[in-house]
Amino acid sequence: MKAFRLLFTDMFFISIIFIFASFPQNAKAETNKSGQIDELGISTFIETPGMPRDLVNLDINNDGLQDLIVFSKYKGTYIFINDNGILNLQPIRIATEKATDIDVGHLNYTSQKFNDFLTVYEYKIHLYLNNGDATAFDKTISYDSPKWGTYVRTADFNNDGISDFVAVGTYDDSIYFYISSKKTSKYEVSKVSLSDDIAGIKFSSNFINVADVDNDKKVDVIVINNNGNSLWLLKNIDGSKFDYKLLRSISVDNVDDFNKKFYYADFLYFDEVNGTSYFMAVRDTEVPELSFISFDNKQNKADTVKTVKMQINRPVSFEKVRTEKDKVEYLMTNYSNPKTTEAMVSLFTLNLNDYSYQVKPIHKVKNCLVKNAKYNKDIKSIITLCNEQGPNVKDGIDVYKVKDDFMDQ
C-alpha cells in the first residue's frame, strides 16, 4: 500500500477585484411563439458567445429551484434564472476570468449555505462567492492552480460542511488539493505527485471524478493519467491522507494500443457483501472501448471484469442521471454521423447484472459541435452545450422540453 500525507502550503489570493453583473447585449434566443420553453418536443437555441466550456444545474438564487449556469472561456458566465419552472431567457452575465472548467459548491465560511462556483485556467483557480440571490459575487480570492489547469471538482473531503476542491493540469505532474480549515477560514493547498510506476511515465491529467466508492462517508477521487494511459483511485483516509491504487493500465509494449487513451471514468456501485467497488471507463480506440473494473477494498486488488467494443459513434460526454439497483443511466452525447455537426443526445443505460449497455436516442441538435448535455429537473428540459468552431455552428445552448418520465418511455 502506498500512502501520502498532504503537505499544506500557504494559500494564494488576489484582492481588490470588483465584480459586476449585467444583461448581455449579444445573448439571443430562437424561441417558439410564446418566447418561453413550455412545449414538449420544442427545441430552443440560446446563443452564449465566448466559446462555452461547461454548464451546471444549480440553485444560485436560493429559491429551491435549479437554475442554469453556462460558463464560457472568453465572455464570462451566463446565469439563467428558473422562474417557477420557466427558464428566463435573458441571462445575467458575470465577468469571470478566462478559464477552462467550472464546478460548484458551498465555498465560503459564513453560516449562510449559499451555492458558489469556481473556475480554473492555466495558473489560477478563482472563487466566486454568492451574496445569496445571484445579484453579486465576491471574487477577491484566487489560488495557484496546476500548470495549464484543465479540470476541477468540488467535494467535502474532510466532512466539515464546506466544499473542498481538487484540480489537475495538462502540464503538471501533481494533483492539487484545496482543503478548507475553519480555524483559519482559508483553503490549505497541497500538491500530490502521482507517478505511474508501471509505465515509468510522468503524470499528467485532464480528467478527474469524485465519489464515495466504499460507503465510508468519505469522498474519494478517480483520476486518469493521460501520459501513462492509466486509471487510478485515490482512497480518502481522513481528509488529508489518501491511499492511491492502480485500477487499470495499458501496456507500453504495444505502442499503437498505448496511444489510445482513457478519457472518461466513473464509479458505478459498491457491493457491501464482498466489499468491492465497481467502475466504468471509456477509451478512445477506433471503436470506442468500454471497460468494467472491480476493486476489492479488503485485498486492495483491481481486476478488469469485462471489456466491450461499443457499436456506436465515439461518445463525447456522459452525465449520470439515475442509479438504481441493477442499472446506471447517463445522458450521452455523440454525433449521428462523425462527418457532420449533427449532435445526438441519448439515454445510455448500463446493466449491472451482465455489464451490457443500451442506447436510446432522445434528441438531435443540428449544427452543434457538442460539449455535453445535462437534464434540469425543475424546467424539465435537456440542455445541450454547443461550441462554435466550424461553419454554420454557433456558441450556445439547445434547450429541449421533455416529459418527467422521459427515461422510462
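The values are calculated or read from the model by the stated rules, or taken from the named source; none is laboratory data. Since the model is a prediction, treat every value here as computed from it, not as a measurement. Using ideal geometry, Cβ is built from the backbone for each residue, glycine included, and neighbour counts are taken over all protein chains shown. Each accessible area value is taken on the protein alone, full model and side chains, heavy atoms only, with ligands, DNA and RNA left out. Shrake-Rupley method; radii C 1.70, N 1.55, O 1.52, S 1.80 Å.
Taking all protein chains together and a probe of 1.4 Å, list 289, 122, 388 from the most accessible to the least accessible.
I get 388, 122, 289, largest accessible area first.
Per DSSP H run of n ≥ 4, the term is -39500 (n - 2.57); total these for the chain, divide by its residue number, and report the mean residue ellipticity at 222 nm rounded to 500 deg cm²/dmol.
Helices in the chain give a 222 nm mean residue ellipticity of 0 deg cm²/dmol.
May I ask for the percentage of alpha-carbon pairs in the chain that lie more than 34 Å from each other?
So the portion of pairs separated by more than 34 Å is 29 percent.
What is the set of long-range amide H partners of residue 66 at a cut-off below 5 Å, with H atoms built 1.01 Å from backbone N?
For residue 66, the qualifying residues are 378.
So how exposed is residue 42, as accessible area in Å² (1.4 Å probe, rounded to 10)?
50
³J(HN,Hα) across segment 165-177 via Karplus (A = 6.51, B = -1.76, C = 1.60, θ = phi - 60°), whole Hz, x for Gly/Pro?
Computed from phi, the couplings for segment 165-177 are 8, 9, 9, 9, x, 5, 10, 10, 8, 10, 9, 9, 10 Hz.
Can you give me the solvent accessible area of residue 269 with a 1.4 Å probe, rounded to the nearest 10 Å²?
Roll a 1.4 Å probe over it and residue 269 shows about 50 Å².
I'd like the trypsin sites (Lys or Arg not before Pro) in segment 127-182 restricted to DSSP loop residues with at most 11 other Cβ atoms within 10 Å, sorted by number.
Of the trypsin sites (Lys or Arg not before Pro), the ones in loops of segment 127-182 whose Cβ has at most 11 other Cβ atoms within 10 Å are 182.
Tell me, what are the semi-axes, in whole angstrom and largest first, of the equivalent ellipsoid of segment 48-158 as set by the roots of 5 times the Cα gyration tensor eigenvalues?
22, 18, 11
Give, in nm to one decimal, the length gained when the segment between residue 183 and residue 358 is fully stretched (0.36 nm per residue of separation minus the Cα-Cα distance).
58.1 nm
Can you give the Rg to Rh ratio of segment 199-259, both from alpha-carbon atoms, with Rh computed by the Kirkwood formula?
Using only Cα positions, Rg/Rh for segment 199-259 is 1.05.
What is the dipole size for the chain, taken about its Cα centre, with +1 at each Lys and Arg Cβ and -1 at each Asp and Glu Cβ, in debye to the nearest 20?
Roughly 540 debye, rounded to the nearest 20.
In whole Å, what are the extents of segment 290-385 along the principal axes defined by its C-alpha atoms, from largest to smallest?
49, 34, 20
Could you sort 173, 220 by accessible area so the largest value comes first, with the probe set to 1.4 Å?
173, 220
Please compute the alpha carbon radius of gyration of segment 128-199, then divide it by the globular-protein estimate 2.2 N^0.38 Å. Two decimals is fine.
1.29
Please turn the phi angles of segment 276-286 into ³J(HN,Hα) values with the Karplus equation 6.51 cos²θ - 1.76 cosθ + 1.60 (θ = phi - 60°), one per residue in order, whole Hz, x for glycine and proline.
10, 9, 10, 9, 10, 8, 10, 10, 8, 8, 3
Could you sort 190, 336 by accessible area so the largest value comes first, with the probe set to 1.4 Å?
336, 190
Given the convex hull of the Cα atoms of segment 164-285, what is a quarter of its surface area in nm²?
Here the figure is 8.1 nm², rounded to one decimal.
Which of 98/371; 124/394; 327/366; 147/301 have a Cα-Cα distance over 21 Å?
Long pairs (Cα-Cα over 21 Å): 124/394; 327/366; 147/301.
Leaving ligands, DNA and RNA out of it, work out the accessible area of residue 201 with a 1.4 Å probe and give it in Å² to the nearest 10.
50
Compute the orientation-averaged projected area for segment 224-319 from the convex hull of its Cα atoms and round it to one decimal in nm².
The orientation-averaged projected area of the Cα hull of segment 224-319 comes to 7.4 nm².
Evaluate the relative contact order of the chain (contact order divided by residue number), counting alpha-carbon pairs under 8 angstrom at least 6 apart; express in whole percent.
13
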